[in-house]
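Read through the structure below, which is laid out as structure tokens, and then see the notes.
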Amino acid sequence: MSYLARVLRVYTHKRSGPLSFWYEQPELNERAFRGLPDYFMRFAGKARYAGPFDSDDIPLLDYRGDIGRQYNPIAIAQYGLARFNAWAAGGTSADRSAWIAAANWLERAMRPNGHGVRVWMHDFDWPYRQRLRAPWYSGLAQGNGLSLLVRAAITTGEPKYVDGAHLAFDPLRRDVAEGGVVVTDASLDIWIEEYIVDPPTHILNGFIWALWGVFDYARWSGRSDAIQIWKAGVATLAKRLVDFDTGWWSLYEARDGSREMLASRYYHTLHITQLRVMHRLTGIDAFSACADRFQTYLNRPSHRALVFGRKAIFKLRHY
């Protein structure tokens, strides 16, 4: 099945394809800022994911076509965080079993990349700029997985989660050239890359989610290198928000010459929520100001209609 045919099939079966997992309503989680262990976003929709699951209750995503059903480490981590939130807010033993199962999968599934650095691999090809050939790894996966393993370590005290969290952080302190997921650009700003491609693309939502993993680890471990990476990443984001603001909508990734990949409505809404979380974590007003601007763009029907048309044209031209 061609890429375009698969995309059309996925978008016309939103309730049963991978979009049924990803495209929930982004929400900040107030409990996370009251001294509780909850994750910073609620992930309420992800907690209700209806499957498919494997025999160990690990979520699978059905990409259809020649990709089919796959384990996606990002989805597994986010599902685990979603069920952790539900459990922490007074949920059931089933919620606890679900996040424990996800944490166990993550702890077992890390394996060495070509540099000997242990990462979570995606075992399917994926089209993005250049085709990502299986197995490939992601800074976003490392950050989300780290966030769940840190919570598992804190909650249970089990050594396997403690050891797993330390391993998961390792790529987040290493340059891409050393088997890690960090890029330092010409301005000496650091980025955690969702997709490891050349040249780097600096995907906004992936960078922010990965940074939260560093924050969780730094707060838990107290390691100076983690604290420094968090501070450097925050500085990059505050300085470079302009690279993701067109003046009427947000960009999914940083500008690349004349090429601008607009965020979909879902990702634009996600950016707003993520920036509000960043403001709560850092107190930096630039994050809330940018979130307010992005919300103004979202509130305008003409902007929503324009981005829908331009996104369709972009996909036809570039994929």
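Going highest first, how would you order 271-284, 142-155 by mean Cβ packing within 10 Å? Please list the in-between numbers first.
On the way: 271-284: 20.3, 142-155: 26.5.
Put in order of decreasing packing, that is 142-155, 271-284.
State whether the chain is rounded, prolate or oblate according to the following rule on the C-alpha gyration tensor (a ≥ b ≥ c being the square roots of its eigenvalues): a/c under 1.5 gives rounded; otherwise a/b larger than b/c gives prolate, and the remaining case gives oblate. Could the numbers behind the result be given before it?
Details: a/c = 1.29, a/b = 1.15, b/c = 1.12.
Cα axes put the chain in the rounded bin.
As I understand it, the dipole of the chain uses +1 on the Cβ of Lys and Arg and -1 on the Cβ of Asp and Glu, about the Cα centre. Which of 307, 207, 139 lies farthest toward its positive end?
Projecting each Cα onto the dipole axis, the largest value belongs to 307.
Tell me the net charge near residue 124. Cut-off is 10 Å between Cβ atoms, residue 124 excluded, with +1 for each Lys or Arg and -1 for each Asp or Glu. Walk me through the numbers on the way to the answer.
Working: positive: 69, 133; negative: 66, 123, 125.
Result for the local shell: -1.
Tell me which residues come under 5 Å, amide H to amide H, from residue 128 once H is placed; ignore anything under 5 positions away on its chain.
Residues meeting the criterion, in which the H sits 1.01 Å from N, do not exist here.
By the gyration tensor of its Cα atoms, with a ≥ b ≥ c the square roots of the eigenvalues, what is the shape of the range 245-319: rounded for a/c under 1.5, prolate for a/b over b/c, or oblate?
On the way: a/c = 2.45, a/b = 1.74, b/c = 1.41.
Prolate.
I need to check one value: relative contact order of the range 128-187, counting alpha carbon pairs closer than 8 Å and at least 6 residues apart, in percent.
Details: 49 pairs, mean separation 15.9, N = 60.
Value for the range 128-187: 26 percent.
Please report the net charge: other residues with Cβ closer than 14 Å to the Cβ of residue 27, K and R +1, D and E -1.
Numbers: positive: 31, 42, 46, 48, 276, 280; negative: 24, 30, 38.
Summing Lys and Arg as +1 and Asp and Glu as -1 gives +3.
In debye to the nearest 20, how big a dipole does the range 3-243 give about its Cα centre with +1 on each Lys and Arg Cβ and -1 on each Asp and Glu Cβ? Don't jump to the answer; show the numbers that get you there.
Values: 28 positive and 26 negative charges, 90 e Å.
Computed charge dipole of the range 3-243: roughly 440 debye.
Restricting to bridges with both residues inside the chain, how much of the DSSP beta-bridge set is antiparallel, in percent to the nearest 5?
On the way: 18 of 19 bridges.
Here the antiparallel bridges make up roughly 95 percent for the chain.
For the range 3-243, what is the relative contact order in percent, using Cα pairs closer than 8 Å and at least 6 residues apart in sequence?
Normalised by residue count, the contact order of the range 3-243 is 13 percent.
Restricting to Cα pairs below 8 Å that are 6+ residues apart, what does the relative contact order work out to for the range 245-319? Please round to a whole percent. Walk me through the intermediate numbers first.
On the way: 73 pairs, mean separation 23.7, N = 75.
32 percent.
Show me, for the range 129-136, the HN-Hα J-couplings you get by feeding each phi into the Karplus relation (A = 6.51, B = -1.76, C = 1.60, θ = phi - 60°), rounded to Hz, glycine and proline as x.
Coupling constants for the range 129-136: 6, 9, 5, 7, 8, 5, x, 10 Hz.
Only Cα pairs within less than 10 Å get springs; with that Gaussian network setup on the chain, which residue of 88, 291, 210 has the largest fluctuation?
Sorting by GNM fluctuation, first place goes to 88.
Just so you know, all these numbers are worked out from the coordinates, no wet-lab data involved. Note that the structure is a prediction, hence the values are computed from the model and not measured. Cβ coordinates were reconstructed from backbone atoms using ideal geometry, including for glycine residues, and neighbour counts include every protein chain displayed.
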